[in-house]
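What follows is a single structure, and I will ask about it in a moment.
The values are calculated or read from the model by the stated rules, or taken from the named source; none is laboratory data. Here the structure is a predicted model, which is why all the values come from computation and not from measurement. Note that each Cβ is placed from the backbone with ideal geometry, even for glycine, and that neighbours are counted across all protein chains shown.
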Amino acid sequence: MIALWAAIMDKKQEILKLVKEYIKEKNDTESVWESGKDWLKYSGPIMDSEYGAAIDSLLDGWLIFGKKARQFELEFSKHLGKQHGTLTNSGSSANLLMVTALTSQDPLAKKFRLEKGSKIITPVVCFPTTLNPLIQNGFEPVFVDVTLPDLNLDLDQVEKKLKEDKDIRGIMFAHVLGNPPDMDRLMSLVEKYNLIFLEDACDALGSTYDGKKLGSFGLMSTCSFFPAHHMTMGEGGFIATNNPRMRKILASFRDWGRACYCNSIKPGDVTSGTACGARFKNWLPGAQEVVYDHRYVFDEVGYNLKPLELQAAMGLEQIKKLDYLHNARKKNFERLSEIFAPYEKYFHLPVATDKADPSWFAFLVTIKDNAPFNRQDIVSHLEAALIQTRTYFTGNALYHPAYYEMGKKYDSLPTTFPNAHKATVGSFFLGTFAGITEEKLEYIDGVIKDFFKERTL
């Protein structure tokens, strides 16, 4: 048996060696880029050893949430400066779980419970996965405009709303492309008005404010590991918190609403199914005479939003690359700033908020009202040169079919949310990720120069 097991392990190592060779050759081939013939992508995964880690995990035969997933939760929580973390299958699921946790009936989390109809401040310019969980859980979004050039929520409007409406219970927003608003002022409002702050840091991994990492300010915060983000595990998301009861609630909602949470909470062997040693007791309040398996008792109306074990294996490798990935984004942002600086009279160009050190998700520009061209003009020029661009997500979300009815209570959306309107008609961004080399940046520089030469502006 020992000899047989050794032979199996030898085969596994042979497979992993071949995978390593394959990935190197594949990456070497894909790194060859020809300007004007190959797309210059705005983002994408930076991976090599991750593929081997995923295959290694797959060959182990354990597919669902297991030891590696728990290890990732412990390591990534520490990285963010939070005590607890919950790994899930996507950043969208992370936001959904974070908001849904506020509906828990757990008596020990009563001070964080919100009833349906509770009001939550959120910027009208957002990504749907920040807004949708509020709607899906029956909360009422209270919309505020954004500021230029950063497109973060307007704190003047936030403060005005809080003074006018004493029923507002919380605030939820995403740091825009890695750059936060004035967190000193925001947190003072959170404290003054006793708000629940839900922090979407999905675009802001590695960014700091006054030396403190974004994702460490809120009652709960989220990260995303989609391939376009700072790090990836294919799909994946994370909710961080310092509150141990919220951690239990998050694990329950993620795992069908299951009451038995110790295997996904306690360090150690999360695959044994017997971490608590007290599975079989009188757990059912509706049938107290029945001895029941606690692993099949349900406290919440939950979901199945667990990640795969191989995702966590990839994530553990990605953590090792974070310093490199963040430094590359910062460097590329600075180079793009130099490229656009000669034309700043036509653009609102991004600048870091005071005290902030962003790990920039992208380079955001908004065309000024006086520019003799529009967004479609320059975006078409860039895309024709095979340089990928992206609009800033929804622009004003209330223009979209999914939320159009919500916008009808406003007399004029452009007047009520003027900067959001500017974002809708004039904002776009270019990538900053590590795959954008100096050669590619030089190409972008040339294409931008050609745009302005053609128009003799």
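The rows are residues; the columns are (1) in the same structural domain as L186 (by TED's automatic domain parsing); (2) modelled with pLDDT under 95; (3) crowded, with 21+ Cβ neighbours inside 10 Å.
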{"residue": "G218", "(1), (2), (3)": "yes, no, yes"}
{"residue": "H229", "(1), (2), (3)": "yes, no, yes"}
{"residue": "V291", "(1), (2), (3)": "no, yes, no"}
{"residue": "H326", "(1), (2), (3)": "no, no, yes"}
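What helices (runs of 4 or more DSSP H) completely inside region 1-80 contain at least 3 residues that are farther than 28 Å from L305 by Cα? Lay out the reasoning, then the answer.
Numbers: elements: 2-30, 49-60, 67-80.
Output list reads 2-30.
Further, regarding this structure: May I ask you to list the residues in region 346-384 that are within 16 Å of K422 (Cα to Cα), of a type in the set (D, E, K, R) and not in a helix (DSSP H, G or I)?
Passing the criteria: K368, D369.
Identify all residues within region 385-394 that are out of contact with any Lys or Arg (no Cβ under 7 Å at 6 or more places or on another chain), in a loop (DSSP other than H, G, I, E, B) and not small (G, A, S); write none if there are none.
Our first condition is that a residue be out of contact with any Lys or Arg (no Cβ under 7 Å at 6 or more places or on another chain); within region 385-394, this holds for 385-387, 389-394.
Restricting the remaining residues to those that are in a loop (DSSP other than H, G, I, E, B) gives 385-386, 389, 392-394.
Result: L386, T389, Y392, F393, T394.
Here are some conditions: (1) outside the structural domain of L131 (by TED's automatic domain parsing); (2) among the polar types (S, T, N, Q); (3) more than 22 Å from the chain's Cα centre (by Cα). S43 meets all but one. Which one does it not meet?
All conditions pass for S43, except number (3).
Right, something else. Listed residues G61, G117, G81; which is surrounded by fewer than 19 Cβ atoms within 10 Å (Cβ to Cβ), under 21 Å from M187 (Cβ atoms) and either in contact with an Asp or Glu (Cβ under 7 Å, 6 or more places away or on another chain) or small (G, A, S) (or both)?
Values: G61 fails: under 21 Å from M187 (Cβ atoms); G117 fails: under 21 Å from M187 (Cβ atoms).
Just a single option satisfies the conditions, and that option is G81.
For residues that are free of Cβ contacts under 8 Å to residues at least 40 places away in the same chain and not in a loop (DSSP other than H, G, I, E, B), tally how many sit in region 281-325.
7
Which of (1) outside any helix (DSSP H, G or I); (2) crowded, with 19+ Cβ neighbours inside 10 Å; (3) more than 19 Å from the chain's Cα centre (by Cα) is the odd one out, the single condition L205 does not satisfy?
Condition not satisfied by L205: (3).
Considering only residues that are polar (S, T, N, Q) and either without any contact (Cβ under 8 Å) to a residue 12 or more places away in the chain or in contact with a strand residue (DSSP E or B) (Cβ under 8 Å, 6 or more places away or on another chain) (or both), which ones fall in region 333-370? Break it down stepwise before answering.
First, the residues of region 333-370 that are polar (S, T, N, Q): 337, 353, 359, 366, 370.
S337, T353, T366 - these are the residues of region 333-370 that are polar (S, T, N, Q) and either without any contact (Cβ under 8 Å) to a residue 12 or more places away in the chain or in contact with a strand residue (DSSP E or B) (Cβ under 8 Å, 6 or more places away or on another chain) (or both).
Per-residue answers, yes or no, for (1) touching a Pro at 6+ places or on another chain (Cβ under 8 Å); (2) under 30 Å from A53 (Cα atoms); (3) not polar (S, T, N, Q):
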| position | (1), (2), (3) |
| --- | --- |
| L74 | yes, yes, yes |
| G81 | no, yes, yes |
| H84 | yes, yes, yes |
| L97 | no, yes, yes |
| T100 | yes, no, no |
| K111 | no, no, yes |
| I120 | yes, no, yes |
| P133 | no, no, yes |
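While we're here: Name the helices (runs of 4 or more DSSP H) wholly within region 88-199 that hold at least 3 residues that are over 26 Å from G237 (Cβ atoms) and of a type in the set (D, E, K, R)? So that I can check it myself, show each step before the final result.
Details: elements: 91-100, 128-136, 155-164, 183-192.
It comes to 155-164, 183-192.
Quick check on region 172-194: of everything there that is in contact (Cβ under 8 Å) with a residue 40 or more places away in the chain and out of contact with any Ser or Thr (no Cβ under 7 Å at 6 or more places or on another chain), which residue is nearest to Y42 (Cα to Cα)?
L177
Something else about it: Starting from region 20-33, keep only residues that are closer than 11 Å to D48 by Cβ and in contact (Cβ under 8 Å) with a residue 24 or more places away in the chain, then list their pairs with residues that are part of a helix (DSSP H, G or I) and of a type outside the set (K, R) whose Cβ atoms are within a distance under 6 Å, requiring at least 6 positions of separation or different chains.
Filtered contacts from region 20-33: K20/G52; I23/Y51.
Which one of these is assigned by TED's automatic domain parsing to the domain that holds G236, crowded, with 23+ Cβ neighbours inside 10 Å and among the β-branched types (V, I, T): V144, V190?
Working: V190 fails: crowded, with 23+ Cβ neighbours inside 10 Å.
On inspection, the qualifying residue turns out to be V144.
Looking only at residues in region 39-58 that are among the hydroxyl-bearing types (S, T, Y) and in contact with a helix residue (DSSP H, G or I) (Cβ under 6 Å, 6 or more places away or on another chain), which one is surrounded by the most Cβ atoms within 10 Å (Cβ to Cβ)? Don't jump to the end; show me each part of the working.
Residues of region 39-58 among the hydroxyl-bearing types (S, T, Y): 42-43, 49, 51, 57.
Checking the rest, the ones that are also in contact with a helix residue (DSSP H, G or I) (Cβ under 6 Å, 6 or more places away or on another chain) come to 49, 51, 57.
Numbers: S49: 17, Y51: 18, S57: 23.
If we take residues in region 39-58 being among the hydroxyl-bearing types (S, T, Y) and in contact with a helix residue (DSSP H, G or I) (Cβ under 6 Å, 6 or more places away or on another chain), then S57 is surrounded by the most Cβ atoms within 10 Å (Cβ to Cβ).
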